[in-house]
Amino acid sequence: MNLNKWLENVTSAAIVGHVNPDGDCVGSCLGLYNYLIENFKLEVDVYLEPFSEPLKFMSGSEKVQTEFAENKQYDLCFALDSGDENRIGAGKQCFKTAAKKICIDHHATNKGYGDENLICPEISSTAEVLTSLMENDKISKATAECLYTGIVHDTGVFQYSNVSPNTLRIAADLLEKKIDASSIISNTFVEKTYKQQRILGFALSNSVLFMDNKCIFSIIREADMERFGVNALDLEGIVAHLRDTSGVECAIFLYQTNAEEFKVSLRSKSIVDVGKVAAYYGGGGHARAAGCTLNGSARDMINNISRLVEAQLKEQG
């Protein structure tokens, strides 16, 4: 399978991703954007919510739009890395009004909401799925940088269980394009600003171990974000650090978005399927990484989520 079959008689295409776009989302969207404009005679637009500054090194990032013109309709719209139509961020309306809708994703909770769907939960990242749809000799250095960034972010620099031999083969093919892999990893995945380091330290120092130290949680409230001068983009990666605590199987991280609304990020190591936990509350994701949005008391949220996590731990005995 390749992208060509979807592009017949197409003159305009839009690309959209999920809310709070991460490295895989941005890398996938910009990777596809560069591939299309370099190899096809198309009008192509990308719609994404604001994303972190380090990811803006990718070619095409300056062309990303955050608002959709209501009177515009595209022949084709690609929804990338969004496990649910309701999680599409900027450009959600252009997906709904496009003449044809294609959903490409790797979230196991994705039921398929496009006219055509390619959902590959066994593959590490949407960027990896996309790379397999492209003709290698038509992948430029600019496209390769985007796709490699996406793979790096959703595999934790090739350390997570979602990495397969084919993931490494595809990454090797992208390296053949002479990209600066070490800089991509250092600048977009490892390096943090001073305020990001401070809020990370705060989250870790205020974290709580429970359930015989198998679980850990931390909560960042609006007042904390104001105190440290950070926004939601600066909180990326905190939940992974919580999960990395020795002996911990599952990490729960909450940050406040409104008076009684919290974004919840869940991570696990090998036993708990946090995708099922998130799906129970209307969210989604993967077995080892998922999230949702909840309303109410943060403590109640921790208690309710913990019951589902504990049930899975008991099942595994």
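Observations
- Solvent-accessible heavy-atom area per residue, rounded to whole Å², over the stretch 135-244 at 1.4 Å: 51 Å²
- Partner lysines for Lys101 [C-alpha distance under 25 Å; skip if fewer than 8 residues away on the same chain]: Lys5, Lys41, Lys63, Lys72, Lys92, Lys111, Lys138
- Ordered by solvent-accessible area of protein heavy atoms (1.4 Å probe), largest first, the residues Met58, Met1 come out as Met1, Met58.
- With an a/c value under 1.5 for the gyration tensor axes a ≥ b ≥ c computed over the alpha-carbon atoms, the stretch 1-140 is described as rounded.
- The modelled label-to-label distance between Gln159 and Ala223, using points 7 Å beyond Cα along the C-beta direction, is 3.4 nm.
- Rolling a 1.4 Å probe across the protein heavy atoms gives the stretch 1-61 an accessible surface of 36 Å² per residue.
- Computed FRET value (nearest 0.05) for Ala99 with Asn187, which takes r as the C-beta separation and R₀ as 22 Å: 0.05
- Only helical runs count toward this figure. For the chain, summing -39,500 (n - 2.57) over DSSP H runs of n ≥ 4 and dividing by all residues gives -10500 deg cm²/dmol at 222 nm.
- Low-density loop cleavage sites - trypsin sites (Lys or Arg not before Pro) in the stretch 39-143, where at most 16 other Cβ are within 10 Å (DSSP): Lys41, Lys72, Lys111
- Using 0.36 nm per residue and subtracting the Cα-Cα separation, the extra length available between Lys314 and Asn2 on full extension is 108.0 nm.
- A straight line joining the Cα centroids of the stretch 194-259 and the stretch 1-62 runs 31 Å.
- For the stretch 156-218, applying the loop criterion from DSSP together with a ceiling of 13 other beta carbons within 10 Å to the trypsin sites (Lys or Arg not before Pro) yields Lys178.
- Net length gained if the chain between Leu175 and Asn71 were fully extended (0.36 nm per residue, minus Cα distance): 33.3 nm
- Distant-in-sequence amide H partners of Val46 (H built 1.01 Å from N, under 5 Å): Ile15, Gln65
- Distance from the Cα centroid of the stretch 123-161 to that of the stretch 63-101 is 22 Å (rounded to whole angstrom).
- Just checking the listed ones, Ala181, Ala172, Ala290: in the Gaussian network model of the chain with Cα springs under 10 Å, the one fluctuating most is Ala172.
- Exposure rule at most 14 other beta-carbon atoms within 10 Å, DSSP loop GluC sites (Glu not before Pro): the chain longest free segment: 192-259
- The DSSP beta bridges internal to the chain are antiparallel in roughly 45% of cases.
- Paired Rg and Dmax values of the chain, which use every Cα atom, in angstrom: 19.3, 60
- Additional length obtainable on full extension of the chain from Ala259 to Lys63, 0.36 nm per residue less Cα span: 67.1 nm
- Set of aspartates and glutamates near Lys269 by C-alpha distance (under 19 Å), chain-local residues within fewer than 8 positions excluded: Glu122, Asp154, Asp212, Glu236, Asp244, Glu249, Glu310, Glu315
- Fraction of accessible area attributable to carbon and sulfur, the chain (%, probe 1.4 Å): 45 percent
The values are calculated or read from the model by the stated rules, or taken from the named source; none is laboratory data. On a predicted model such as this, the values are computed, not experimentally measured, just so you know. Backbone-built Cβ (ideal geometry, glycine too); neighbour counts: all protein chains shown. These accessible areas exclude ligands, DNA and RNA; they are computed on the full protein's heavy atoms, side chains included. Shrake-Rupley method; radii C 1.70, N 1.55, O 1.52, S 1.80 Å.
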